[in-house]
Amino acid sequence: MTQSVVVQVGQCGNQVGCRFWDLALREHAHVNKKGLYDEALSSFFRNVDSRESDGAAHVVGGRIQHLKARAVLVDMEEGVVNEILQGPLREMFDSTQLLTDVSGSGNNWAVGHMTYGSAYREQIVDKLRKAAEHLLSLLEEEFPEVCRIVTSIYPSAEDDVITSPYNSVLAMRELTEHADCVLPVENQSLADIVDKIKHMSHSGKPGSAIRRDSTLISGQGGLSGPEKPFDAMNNIVANLFLNITSSARFEGSLNMDLNEIAMNLVPFPRLHYLVPSLTPLYTLADVSVPTRSDAFNKDHQLIRADPKHSLYLACALMVRGNVQISDEGWKTGLCSVPPVGHSHALLALANNTCVKLTFTELRERFFKLYKKKAHLHHYLHVDGMEQSFFSEAISSVSSLIEEYQHLDATKGTLMLDAPRLRIAR
């Protein structure tokens, strides 16, 4: 099976990563009853013996000794990482996997990218070499053959960080230029899903009773203690990771390797933003099978957009559990192991032009600040940061929007039932 390394960056990245490792352990414990270090575990965990000085990893097939996450944790403010190291997951990480500072970037992309990026570049490369792979442009230079799949959290319009449009646009340029795939997730969509599930849980209507521990926001059964702020939202993103990595971790009749996602879903290199959608969000006590159409329902998407009125460039459906499904028209992955608490699950990844709405709204919020040159001085005082970075970044986003709009304009001219292959005579 494919072995991967997870790179967790910043407060949000490490909080979501913590939930992923917790829920992944819960999932493997549910399946692995013999306590053996199998291929499924080896995809994201090393098995080491802490009694051995060299910490050598054990081969697949032996007893589980001491699991270490295949991960690198990076945060220039040490609070969240320290919290992880003091919590129930502390034994999964060691100092060779951690890179922290004290003061943090202060919600300033320029400080994180220019100041800390330059200062810690070599240490990051060293830790990645030891762990084995990843990290955007740095990864592209050091590990050109590695597939870089990134999940990026987009702030809501009411975000309490006033400069978040600057940070998002500046970061998007890097994502567009250096990532192979980006799974955009909006904070507002996560909040809406949490509210919907909690409303269903407390509605008391006949036939609407939710099966215990079957919701995407539940962390019960894991190692973590009482729920902390944002755990419910972070659990949704963690479940996205669990589903997208399920074929790499478990057997199935038609497993989809992570490298196949970019190969099959990205027909144009810059248009690699994939809309993720999950079902079920919960399981009713008297219903066990999710419908495929739910995976294409905008209420199940992790960004607010309506793909039905836009153009599909490609689509993948990753199915977990014993589900019969036609693979005509999209890339399909079939994993035999369902998530804990469910009999089935579906993850849809759609390369759809509807993402341009998210980017357009972000551009509008950016210009509200930028046309007044508000808060620019916080960025321009950072060594190496110039105002041209802003103009280049917003130009990159605008160009991306135009590319989506150009393709969207062609959807009325596409041939229905066009033959996929013609043989020249």
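Given segment 324-378 reduced to its alpha-carbon atoms as identical point scatterers, what log10 I(q)/I(0) does the Debye formula return at q = 0.28 Å⁻¹?
Values, matching the q order: -1.10.
Please give the FRET efficiency for Glu78 paired with Lys368, using the beta carbon to beta carbon distance and R0 = 45 Å, rounded to the nearest 0.05.
Numbers: r = 33 Å, r/R0 = 0.74.
Calculated value: 0.85.
Work out the FRET efficiency for Gln188 and Ala29 from their Cβ-Cβ distance, taking R0 = 41 Å, and round it to the nearest 0.05. Provide the component values of the computation, followed by the final result.
Numbers: r = 33 Å, r/R0 = 0.81.
Approximately 0.80, to the nearest 0.05.
Can you work out the Karplus-derived ³J(HN,Hα) for every residue in segment 23-35? Use 6.51 cos²θ - 1.76 cosθ + 1.60 with θ = phi - 60°, whole Hz, and x for glycine or proline.
Karplus-based 3J(HN,Hα) across segment 23-35 equals 6, 5, 4, 4, 5, 5, 5, 5, 9, 8, 8, 9, x Hz.
Structure shown: which of Lys298/Lys373; Lys33/Lys68; Lys34/Lys68; Lys33/Lys331; Lys196/Lys372 lie over 28 Å apart, alpha-carbon to alpha-carbon? Don't skip to the end; give the middle numbers.
Numbers: Lys298/Lys373 36 Å; Lys33/Lys68 19 Å; Lys34/Lys68 19 Å; Lys33/Lys331 32 Å; Lys196/Lys372 38 Å.
Lys298/Lys373; Lys33/Lys331; Lys196/Lys372, as the Cα separations exceed 28 Å there.
Determine the sum of side-chain charges near Cys18: Lys and Arg each +1, Asp and Glu each -1, restricted to other residues whose C-beta is under 14 angstrom from that of Cys18. Display every interim value, and only then the final one.
On the way: positive: Arg19, Arg26, Arg90, Lys228; negative: Asp22, Asp75, Glu83, Glu91, Glu227, Asp231.
After counting each charged neighbour, the total is -2.
Label His309 and Val102 with points 7 Å out from Cα along Cα→Cβ: what is the distance between them in nm?
About 5.3 nm, to one decimal.
Every number in this text was worked out from the coordinates using simple rules, so none of it is lab data. Predicted model only: the values in this text are computed from it and were never measured. Counting neighbours? That spans all protein chains shown, and the Cβs are built from the backbone with ideal geometry, glycine included.
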